[in-house]
1. Looking only at segment 114-131, which residues are within 27 Å of residue 63 (Cα to Cα) and surrounded by 17 or more Cβ atoms within 10 Å (Cβ to Cβ)?
2. When both residues are 6+ apart or on different chains and their Cβ atoms are under 7 Å apart, which pairs have a first residue that lies in segment 142-155 and is over 13 Å from residue 179 (Cα atoms), and a second that is open to solvent by less than 50 Å² (accessible area, probe 1.4 Å) and of a type in the set (Asp, Glu)?
3. Output the residues belonging to segment 151-203 that are more than 16 Å from residue 135 (Cα to Cα), assigned to a helix (DSSP H, G or I) and of a type in the set (Val, Ile, Thr).
4. May I ask you to say which residue of 98, 113, 161, 155 is in contact with a helix residue (DSSP H, G or I) (Cβ under 6 Å, 6 or more places away or on another chain) and either modelled with pLDDT of 95 or more or at negative phi (or both)?
5. For the list (1) in contact (Cβ under 8 Å) with a residue 24 or more places away in the chain; (2) under 19 Å from residue 195 (Cβ atoms); (3) part of a helix (DSSP H, G or I), I need the number of the one condition that residue 90 fails.
6. Go through segment 73-94 and give me each residue that's open to solvent by less than 30 Å² (accessible area, probe 1.4 Å) and within 23 Å of residue 152 (Cα to Cα).
7. Looking at (1) open to solvent by less than 70 Å² (accessible area, probe 1.4 Å); (2) under 25 Å from residue 101 (Cα atoms); (3) touching a residue at least 60 places away in the same chain (Cβ under 8 Å), which one does residue 201 not meet, given that it meets all the others?
Amino acid sequence: MNKAVKTILKYVLELLIVAFGVFLGFYISNINAEKETKKDTQKSINSIIEELENNQKLIVEFIEYHENIKVQLDSVLPTMNEEDKFSRFYMNDKFKHNQLKGWIGFQYARLENTAFESSKISGVIRHYDIELIQEISKSYTYQQTYIDFGTSILNKAIATNSSTSVYDFYGIIELMTSDLLNLEKRLSKEMMQTIKELKKTQNTE
């Protein structure tokens with residue numbers, strides 16, 4: 001083997017060593033990046049689980065409150081005659097809503113969405129399975145619908161004035177103890193389903 005061939009083989013060998021070193025570096029870097037991505041993804045999912053669990057517990061508390069007011073409200077209307085129902089709310093002495101046992105006002109759950117919004121802002125949500133993204137989005141969309149409806153009922157109550165009748169005001173409370181209550185029950189079930197799906201990802205790690 002002549003000197004020229006030996007020199008060529010030497011450079012080829014050195015090139016292969018360098019190329020392998022670069023490849024190995026990229027390979028290790030990708031593995032570390034993948035591990036970090038999985039870690040961040042699971043951390044984000046855990047935060048959403050915690051947020052939804054807290055929201056769901058809060059919803060249950062308001063379900064109990066609204067059910068309690070509903071039972072009392074349903075017993076009030078039959079005791080009023082037509083004149084009582086259509087009298088001025090602020091001047092009547094037949095229906096005093098603040099005397100309902102446990103009454104704390106036109107309340108609804110102030111639900112959080114910080115963990116979900118953070119996952120979108122950071123971009124980590126793109127690493128979730130598409131089915132999981134759909135499930136999570138469904139819960140938070142439902143949650144926002146609930147908040148908007150609760151706000152609209154509160155605004156109706158705030159807008160009452162001297163011309164508001166007992167029946168009108170009764171109707172606002174009934175919105176809270178019927179439509180909003182039903183929405184709460186459906187939202188609670190949706191949240192529990194989403195939490196269940198999210199926790200499956202913990203079992204696969």
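The values are calculated or read from the model by the stated rules, or taken from the named source; none is laboratory data. A quick note: this is a predicted structure, and the numbers were derived from the prediction, not measured. Don't worry about glycine lacking a Cβ; one is built from the backbone with ideal geometry, like all the others, and counts go over all protein chains shown. SASA here: full protein model, heavy atoms, side chains in, ligands and nucleic acids out. Shrake-Rupley method; radii C 1.70, N 1.55, O 1.52, S 1.80 Å.
1. Scanning segment 114-131 gives 115, 116.
2. Here the result reads 142/190, each pair linking segment 142-155 to a residue that is open to solvent by less than 50 Å² (accessible area, probe 1.4 Å) and of a type in the set (Asp, Glu).
3. 151, 153, 158, 166, 172, 173, 177
4. Matching residue, one of 98, 113, 161, 155: 113.
5. Residue 90 satisfies all of (1) in contact (Cβ under 8 Å) with a residue 24 or more places away in the chain; (2) under 19 Å from residue 195 (Cβ atoms); (3) part of a helix (DSSP H, G or I) except (2).
6. 73, 89
7. (2) is the only condition that residue 201 fails.
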